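Report on the following structure.
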Amino acid sequence: MAVLALLWGSGFLWIKLALEGGLAPLHITVIRCALGALVLLVLARSARQSLPRDRRTWGHLVVAAFFCNALPFFLFSVGEQTVDSGVAGVLNATTPLWSLVIGIALGTERGFRPLRLTGLLLGFAGILLIFAPWHQAGLTGGGAAALVAAAVSYAVAFAYMARHLIGRGTAPLALSAAQLLMATGLTVPALPTAGTASNADAGAPTLTAWIAIVVLGIFGTGITFHLNSRLIADEGPTAAATVGYLLPVVSVVLGAIVLGEQLGIRVIAGMTVVLLGVGLTRGRQQPGKRGQNQEQGAQATSVVPDPATNAHARPSH
């Protein structure tokens with residue numbers, strides 16, 4: 001989860017650099033899907049894992065790839081054209097709350113505990129404390145709506161993947177590669193409608209834009225998507241979604257280390273609250289609860305295939 005947050009937390013930065021460097025939102029979406037798929041295909045090949053062959057799995061992959069990759073990737077790029085990173089971070093952090101609502105509606109959160117709900121709400125309160133979005137512009141525009149829609153799309157995708165894809169017999173690396181491959185196939189036909197970047201006067205994309213999209217595709221899409229799928233398999237969709245609370249924390253720390261941005265008392269307090277909230281959501285469950293929380297979703301950890309050996313990993317309680 002820490003590695004996922006570290007890699008994924010820089011995503012807003014890479015998207016912003018790619019947009020400012022002259023790439024349009026749809027260009028970013030297609031390239032990151034294609035690069036992510038390529039990385040995972042190579043890893044799956046090296047691990048001797050084969051892509052799924054049955055039509056039923058590929059049918060589910062169409063839905064998952066649309067809601068988890070194609071749609072939110074595009075919406076994030078669209079939203080960041082007009083919304084600053086602070087507002088984007090807050091709106092993205094609503095994913096765990098949407099995931100909770102969907103999980104309860106679908107019955108995948110039957111064993112949900114009050115302590116975990118407290119952790120989710122506390123984590124979101126910490127995000128608000130960090131960014132203080134009421135002091136920033138852009139909360140009522142189309143860009144903000146796009147970011148909220150992306151967060152809901154992620155939540156829908158996590159629940160769908162847990163119910164229909166993860167832990168169903170397909171090796172995890174191969175399954176992740178197949179989903180990003182499908183996402184690439186869904187987005188490529190739309191390229192003729194991509195248009196130009198928001199800063200059309202910039203001309204051809206800059207070298208910075210290309211570097212940003214390569215890093216975003218390889219690390220912020222390929223590697224992170226596989227880690228996220230593993231987290232859904234191990235702990236369920238809502239637990240996996242809580243990584244969204246850590247992304248703004250990572251971006252703030254990176255901004256302080258790399259860009260020399262100041263960390264005020266409010267920001268430090270917000271980061272502390274976020275970490276406390278995430279800790280509460282990941283508290284140990286009573287024996288048997290873990291499997292109940294994933295009922296109708298991913299199979300228990302004891303039967304999650306190991307990505308390297310395609311064998312069954314032991315449960316880690």
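The values are calculated or read from the model by the stated rules, or taken from the named source; none is laboratory data. Since the structure is predicted, the reported quantities are computational estimates derived from the model, not experimental observations. For neighbour counting, all protein chains shown are included, and Cβ atoms are generated from backbone atoms with ideal geometry for every residue, glycine included. Just the protein is used for accessible areas: all its heavy atoms, side chains included, with ligands, DNA and RNA removed. Shrake-Rupley method; radii C 1.70, N 1.55, O 1.52, S 1.80 Å.
Worth pointing out:
- Listed peptides 242-253, 38-49 by packing density, highest first (mean Cβ within 10 Å): 242-253, 38-49
- Rolled with a 1.4 Å probe across the full set of protein chains, the surface gives H226 an accessible area near 20 Å².
- Calculated FRET value between R53 and A190, using beta carbons and R₀ = 25 Å, to 0.05: 0.40
- Computed with a 1.4 Å probe over protein heavy atoms only, the accessible area of T57 comes to about 20 Å².
- Using 0.36 nm per residue and subtracting the Cα-Cα separation, the extra length available between R113 and I268 on full extension is 53.0 nm.
- Label separation (S46 vs L6): 1.8 nm, computed from points 7 Å beyond Cα along the C-beta direction.
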